[in-house]
Amino acid sequence: MTIFHISAECFPVAKVGGLADVVGALPKYLNQAGQTAKVVIPGYDNKFTNENQFESVHQGNFKMGWFEFNYSILKERTNKLGFELYLVAIPQLFDRPNIYSYEDDTERFTAFQIAFLNWLTETNQIPDILHCHDHHTGLIPFMVQNCYKYEQLKSVPTVLTIHNGQYQGWFSFDKMHYLPEFHSSKIGFLEWNNIINPLASAIKCAWKITTVSPSYLEEISHSANGLENLLRYERPKSIGILNGIDTQVWNPETDEMLASNYKLSAFEKGKLENKKFLCDEFNLDITKPLFTFIGRLVHEKGAELLPELSDIILYRNPNQINVLILGSGDTTLENQFENLKSKYVGNYNCYIGYNEKLAHIIYAGADFLLMPSRVEPCGLNQMYALRYGTIPIVRRTGGLKDTVIDIGDGGFGICHDNVTLFDINHSVTRAIDLFLDKQKHQNTIKTAMQIDHSWNLVAQEYIAVYKSLMN
Ligand code: ADP
């Protein structure tokens, strides 16, 4: 079975968040399970593209509205990622360093999708499955079904995975002429609330919808940034499949980014060496519990509560705990985190920005990982933390609910229900108690490190979905 994964991100090529981790791992495990999974993303002007070898396998041009674009399909020569990787290079649109947040993102991602489908049709490729990820590829199910130009792909089953339903890629009808010609009676498949909505379009047109955790599937029928009714209507073709983690990349025994490697049977020394690295680097106290947060500094992650929370817990527990924040996002929040540095010297620090290596060391060296998310479709951080023996403190929502069981219920994490300072603070207090009870803490770490969230089983669930569509 040949499956094309089409996405804006793919680790290690281009990453902003969890989408990249999934697209960089699931296809690899599908290939290991005997399928042929390929990945197609835009060709950004970034480190990976510049440092690796590609061959041009196709070139073409197309009109999008009044604009005309040339494009090339570049194939990574070695398949070293465990799958065939194709970059869609479109000069003027993607030869820039960042993935998102340009004014012409609508033009960029619409052109990406058109170029991809043109490539398939111009080279007579008819895959078994087109697997689209999030709204950046959400117009593909509509286009293969309705654009005359792609007639030969009409019977190819399409799958949409919703990694985050908050972002939908809306644009106005004056850009509808960007799409190749289709019958005007089909316009309804593009719109939601009087605007073109690529995510809604994919929800309507894809043969199957998957969400990245079962709980998130439940939640989006009540809260999905305006798409609740549509998702309820399309529920019969939807399924929640919990993400896995790439245990070949995220393995404390072999992870080359760590200050020190360690295994389950001797985790204490290795974790402590990583903690020492962090404490030396960020001027923290190695004998005290280290609380961390890694992620985008946005409202949906509950990040705006963290400066005040840090202030409260550091004030109430003077010299008793450490807090280390790694993230970027809202600039006001970034400044608040920076400003706390001078107030709690020796117990607090932050790194504002994106740093993959540091994230790995924090998962290994921290004692607790805070995730007070409002919305967490799956969440990978808690799974990485568990594998590295760091206890997650999570709000029960989405994938966090599906993956973290509270120590009070015989589990390996600390959970709370509300995104409030009161609830998070209570969890922090419980965490300090756990840290002080050395035996219990160690047993909890051992349990956490043994939890298996690898992709092997999850890949089989996707294969079952693909097969059901081909039948
Ligand atoms: P989301 O995709 O909503 O941001 P996930 O939990 O699914 O959240 O995935 C987040 C991924 O991004 C993880 O691999 C995490 O380690 C990584 N990450 C987020 N922010 C940073 C950062 N500032 N530096 C390094 N890695 C980060």
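Miscellaneous remarks
- Any hit, the range 60-75, residues being under 24 Å from GLN248 (Cα atoms), assigned by TED's automatic domain parsing to the domain that holds PRO180 and surrounded by 12 or more Cβ atoms within 10 Å (Cβ to Cβ): yes
- Of the candidates LEU421, LEU369, the single residue that is in contact with a helix residue (DSSP H, G or I) (Cβ under 9 Å, 6 or more places away or on another chain), within 16 Å of the ligand (Cβ to nearest atom) and on the phi < 0 side of the Ramachandran plot is LEU369.
- Evaluation of THR287 against (1) away from the ligand (no atom under 15 Å from the Cβ); (2) surrounded by 15 or more Cβ atoms within 10 Å (Cβ to Cβ); (3) among the hydroxyl-bearing types (Ser, Thr, Tyr) (one fails), failing number: (2)
- When LYS15 is tested against (1) surrounded by fewer than 16 Cβ atoms within 10 Å (Cβ to Cβ); (2) among the basic types (Lys, Arg); (3) within 16 Å of the ligand (Cβ to nearest atom), exactly one condition is not met: (1).
- Which listed residue, of GLU376, GLU461, is surrounded by 19 or more Cβ atoms within 10 Å (Cβ to Cβ), acidic (Asp, Glu) and within 23 Å of GLY24 (Cα to Cα): GLU376
- For the range 292-323, the set of residues classified as more than 21 Å from ASN355 (Cα to Cα), surrounded by 23 or more Cβ atoms within 10 Å (Cβ to Cβ) and touching a Lys or Arg at 6+ places or on another chain (Cβ under 7 Å) consists of ILE321 only.
- Answer residue from the range 76-100, given it is assigned to a loop (DSSP other than H, G, I, E, B) and surrounded by 16 or more Cβ atoms within 10 Å (Cβ to Cβ) and is nearest to the chain's Cα centre (by Cα) among those: ILE99
- Tabulated pairs, the range 359-388, first of a type in the set (S, T, N, Q), second part of a loop (DSSP other than H, G, I, E, B) and within 11 Å of the ligand (Cβ to nearest atom), C-beta under 9 angstrom, 6+ apart or interchain: SER373/GLY379; GLN382/GLU376
- Checked against (1) in a strand (DSSP E or B); (2) among the polar types (S, T, N, Q); (3) surrounded by 16 or more Cβ atoms within 10 Å (Cβ to Cβ), GLN113 passes all but condition (1).
- Residue within the range 20-42 that is surrounded by fewer than 17 Cβ atoms within 10 Å (Cβ to Cβ), of a type in the set (Val, Ile, Thr), within 16 Å of the ligand (Cβ to nearest atom) and touching a residue at least 24 places away in the same chain (Cβ under 8 Å) present: no
- Out of ILE352, ILE362, sole residue that is within 9 Å of the ligand (Cβ to nearest atom), closer than 15 Å to CYS279 by Cβ, within 20 Å of the chain's Cα centre (by Cα) and not acidic (Asp, Glu): ILE362
- Of all residues in the range 160-201, those that are crowded, with 16+ Cβ neighbours inside 10 Å and of a type in the set (Val, Ile, Thr) total 3.
- When we screen PHE435, PHE412 for residues that are away from the ligand (no atom under 16 Å from the Cβ) and either under 23 Å from GLU281 (Cα atoms) or modelled with pLDDT under 95 (or both), the only hit is PHE435.
- Some residue of the range 332-348 being under 15 Å from PHE293 (Cα atoms), within 10 Å of the ligand (Cβ to nearest atom), in contact with a Leu (Cβ under 7 Å, 6 or more places away or on another chain) and not β-branched (Val, Ile, Thr): no
- Top-ranked residue in the range 290-302 [being within 8 Å of the ligand (Cβ to nearest atom) and not in a strand (DSSP E or B); ranked as nearest to ILE414 (Cα to Cα)]: LYS301
The values are calculated or read from the model by the stated rules, or taken from the named source; none is laboratory data. No experiment lies behind these values; they were computed from the predicted model shown. Methodologically, a virtual Cβ is constructed for each residue, glycine included, from the backbone with ideal geometry; neighbour enumeration extends over all protein chains shown.
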